[in-house]
Amino acid sequence: MHEDMTVVQRCQQIIAEWLKGMGLELKPSKTRLAHTLHKYESQQPGFDFLGFTVRQFPVGKYHSGKNSKGSLLGFKTFIKPSLKKLKLHAESIRSVIKTHKAAPQEALISRLNPIIRGWANYYSTVVSKKIFSGMDKLTYQQLRAWGKRRHPNKNHSWVANKYWQTIGNEHWVFANRKEGKNTLRLKKHSETPIIRHIKVQGERSPYDGDWIYWSTRMGMHPEAAARVATLLKKQKGICAHCGLYFKDGDLLFVDHITPRKKGGKDTKENRQLLHRHCHDTKTANDDKTVRSTNDNSQIIEEPYEAKVSRTVL
Ligand SMILES: [Zn+2]
């Protein structure tokens, strides 16, 4: 991003040359120049990147951003969740509620919570406050319809009393019971505090070989399952089998240290993160030892597999 168009165009040339050296090129259909404040070649201002919309808005002097020398810019920069991702998220909440029409409330809550938590975390570093409360409103409306449908002969307050609780000072919590043991409550998007993003350290690049930094940062990606993210951090980005760093694009596998078929439990202590191919080697060895003691053992599929997404240019 730069205030001078010719600088941006020059950057495009330099990037194209750099990619050429690696046998790659910018794809015209995925490349465009945009203005963040004004219309440009009849396109709306702003651009979407990795699920965010970056855009600037003209504002008066009291709200204006300032440049590094402290003079007023006349506009303010907002980074928000993109409309496309907003719709996708609303859609995934809707479809979970739809497929849990007859399921117990606990099952619905357990299914929705990780979706809400993951999404809210991903967008917790940008301008999301209003969007979060909007999402909560939308979720509430759908849950209300969900409750009503289950009890067609009861009125609204009966349904509300059954599925919504007051917990502490908080009203309208979608939960199976008031406080106590085994209370399961639905997370709200707006519970997630907005903490502005800390910029990637100036000189860092995925090509500088600092895989610890990048592997642990990868753990913050919303598409990395929570277990994978936790293990990435715990293992400092290193495969527990071969001792090499995980790299962008590697297939990762959550493995049970003591295999399930040998009585190993699915607990935090018994999980480790491996390269997919390292997992295959380990399993082959595990099987040998299992077969020698128990010929009737079954091969049980391990449940988690994740592909860490690739860097997008
Ligand atoms: Zn490995």
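The values are calculated or read from the model by the stated rules, or taken from the named source; none is laboratory data. Since this is a predicted model, take the numbers as computed values, not measurements. Glycine gets a Cβ as well: all are built from the backbone with ideal geometry, and neighbour counts include every protein chain shown. The accessibility values were calculated without ligands, DNA or RNA, using every heavy atom of the protein model including side chains. Shrake-Rupley method; radii C 1.70, N 1.55, O 1.52, S 1.80 Å.
So for region 84-191, taking the charge dipole from beta-carbon charges (+1 Lys/Arg, -1 Asp/Glu), which of I116, V96, S128 sits furthest toward the positive end?
Of the candidates, V96 comes out farthest on the positive side.
Probe radius 1.4 Å, ligands and nucleic acids ignored: give me the carbon and sulfur share of the accessible area of region 84-191 as a rounded percent. Walk me through the numbers before you get to the answer.
Working: 3390 of 6380 Å².
Carbon and sulfur atoms account for 53 percent of the accessible area of region 84-191.
Test of the criteria: in region 13-94, which trypsin sites (Lys or Arg not before Pro) are in a DSSP loop and have at most 11 other Cβ atoms within 10 angstrom of their Cβ?
Within region 13-94, the qualifying trypsin sites (Lys or Arg not before Pro) (loop, at most 11 other Cβ atoms within 10 Å) are R32, K39, K61, K69.
How far is it, in nm, from the label point at E17 to the one at A226 when both lie 7 Å from their Cα along the line to the Cβ?
Once both label points are built, they end up 4.9 nm from each other.
Enter the Cα centre distance for the pair region 1-68 and region 254-287, rounded to the nearest angstrom.
Measuring centre to centre over Cα atoms gives 45 Å.
Using the structure shown, select from K84/K129; K181/K265; K20/K236; K261/K282; K98/K129; K85/K129 the pairs with a Cα to Cα distance greater than 22 angstrom.
Exceeds cut-off: K181/K265; K20/K236; K98/K129.
First select every other residue whose beta carbon is under 11 angstrom from the beta carbon of L73; then total the charges, Lys and Arg +1, Asp and Glu -1.
Counting the neighbours of L73, the net charge comes to +3.
Does region 84-191 come out rounded, prolate or oblate, given a ≥ b ≥ c as the square roots of the eigenvalues of its C-alpha gyration tensor, rounded meaning a/c under 1.5 and, failing that, prolate meaning a/b above b/c?
Prolate is the answer for region 84-191, as a/c is 1.5 or above and a/b outweighs b/c.
If the label point is 7 Å along Cα→Cβ of I194, which residues in region 53-87 have backbone nitrogen under 12 Å from it?
78-81
Quick one: plug the Kirkwood hydrodynamic radius of region 81-123 (C-alpha pairs) into Stokes-Einstein at 20 °C, 1.002 mPa s, and report D in µm²/s.
D = 196 µm²/s.
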